[in-house]
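Take a look at the structure set out below.
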Amino acid sequence: MAAKSSHSHVKLEGEIERCRAEGHWGQLQHLARQLLPPVRPPRKAAAAARGAQDAEDYGSMLLAEALLEECLKENFAKVKDSIPLTEKNEPKLSEAKQYLTNILSRGKLRPKYMTEAMLILGKLHYVEGSYRDAISMYAKAGIDDLSTKDEPLYMLRLVTEAFVIKGLSLERSTNSVASRARLCEREQEVMACFETACVVAQVYLQELEKTLNNTHSRSIKGSNLTYSEFELSFFLEAALQSAYVTHLKKGNIVKGMRSLREILRTVETKATQTLKMVRGMSGRWEVLLHSLSEDCYWSPLSDPLPEFMNKEDQSYVSNLLCRRPELYTEENQFSLPLLGSDVSFVSCAQANRDAVISRAPDQQDDRAVSLRDAFAVYDLLSITLGRRGQYVMLSECLERAMKFAFDEFHVWYQLALSMVACGKSAYAVSVLKECAKLRPTDPTVPLLAAKVCIGSLHWLEEGQYFAKMVIDLGEDAGEALAKGYLALGLTYSLQATDGELSCLSGMLYRKHL
């Protein structure tokens, strides 16, 4: 009987660890409530209290974590925009905080779980906007002395989030630092947190993928999550991105580029692949475009330019962590140039591969998300190649996007503009005709088509047709109406100049006037 009870306890512990690592917060709530004692008569409750208090506090901690994570998932946009959550408006947040404060005030948990409770409460303080309380809680937990060696997966996640939250909290409380020297120390501490969080996050994601793949291959009952369904939380995203983004924003180009290249060199997981292709490209690669020019670029296999070497700092990642992410070992697997356009080419290849082409009603939401992500990548590609004048290459890339751009004006118009820029005028006019069908009330489309017809192609009749399209819009054309009349008059003038019959020439000239 005792052996059976022990086996049941081990199985429960395993399920709890799996749920915490994989983010099954609803299931974790169910398991946590099993650890809470049932309602007993007062006399029996007093007798059982001594043995059950530790299990009750442990269950309360798990329940608090699950409630907090569900609250954060429901308020993802607010957390991302650093809008504080309040107990008044978020009952799950209030309940989680009550559980955690009671646990810490009693102090009956084992030291390991007390540390975990402090890490969870630190996260709660951050989302409340209490940044100093979050920093103080992490100091009590001693996160700078934590080791990730031989720790379960969920602990890697907690440590990752703790370091990135501490860094974000320090960033948001720098205004209280008066001394310049102290401010410099604070900035170094922030970077230490971000770099450490990035390393631990990559280890966590790699280990999680291995675990889920092994579990899926063995088809263990109860494992209903595949890695493709795993979603990065806001804090995991921030952990992967904050280090290089902060370096680049502060002008630390060498450190920023090396940090970014280190992420690309890390053995890829599906989560980081999605991040690199979509969220990273559409949000964070913009920092790269603003921070770097082609003049300050250097190959991954060479040293940085001498003028940037004086900005190189030491690495802040603590050796106490012990574990490092796995890296690609072959040079050709990680030595991509990492210039804006090259990175965007990789993204475009992934966007083309992963785009949902089907227009079936049941795939409408998936298609909308994939199109939004793909278009964000193509916008970045347009910026990078346009900045370098590589319009032919841009037009070829955009042509490949046509397979999933049915009735999508934005991509069609981007293609038309790239065709105009690279001199493929006839093709540009045919694309602009399609754009005009997609957006018939936009006067800029036929006006551009008229300009190309008149200037580059000398297609006067087609130019006349497009000019009349603008005029037919009337007052809805706004300022473009006058330009439409000007284009129409110009076509008549050129036709009069080209006309062989004097009577026809005179009529066209009068129309021109």
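The values are calculated or read from the model by the stated rules, or taken from the named source; none is laboratory data. All of these numbers come straight from a predicted model, not from anything done at the bench. Backbone-built Cβ (ideal geometry, glycine too); neighbour counts: all protein chains shown.
Just a few scattered comments:
- Among the conditions (1) under 27 Å from A374 (Cα atoms); (2) assigned to a helix (DSSP H, G or I); (3) touching a residue at least 12 places away in the same chain (Cβ under 8 Å), D476 misses just one, which is (1).
- Any hit, region 141-151, residues being under 26 Å from the mean Cα position of the chain (by Cα), charged (D, E, K, R), at pLDDT below 90 and closer than 30 Å to K11 by Cα: no
- Complete set of residues in region 441-461 that are polar (S, T, N, Q) and outside any loop (DSSP other than H, G, I, E, B): T444, S456
- Of all residue pairs spaced 6 or more apart or on separate chains, those with beta-carbon atoms under 9 Å, a first member in region 133-153 that is of a type in the set (S, T, Y) and a second member that is surrounded by fewer than 19 Cβ atoms within 10 Å (Cβ to Cβ) and assigned to a loop (DSSP other than H, G, I, E, B) are S147/C322; S147/R323; T148/C322; T148/R323.
- Condition met for S395 (among the small types (G, A, S), outside the structural domain of I263 (by TED's automatic domain parsing), modelled with pLDDT under 55 and touching a Ser or Thr at 6+ places or on another chain (Cβ under 7 Å)): no
- Here L398, L394 are screened, and the one residue that is farther than 20 Å from R367 by Cα and surrounded by 21 or more Cβ atoms within 10 Å (Cβ to Cβ) is L394.
Every residue, every condition in (1) at pLDDT 85 or above; (2) surrounded by fewer than 16 Cβ atoms within 10 Å (Cβ to Cβ), yes or no:
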| site | (1), (2) |
| --- | --- |
| L156 | yes, no |
| M191 | yes, no |
| V200 | yes, no |
| Q206 | yes, no |
| N213 | no, yes |
| F234 | yes, no |
| E237 | yes, no |
| L240 | yes, no |
| L248 | no, no |
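- The set of residues from region 97-129 being touching a residue at least 12 places away in the same chain (Cβ under 8 Å) and not in a helix (DSSP H, G or I) comprises K108, L109, R110, G129.
- Single residue of T266, T226 found to be of a type in the set (V, I, T) and either farther than 22 Å from I16 by Cα or modelled with pLDDT of 85 or more (or both): T266
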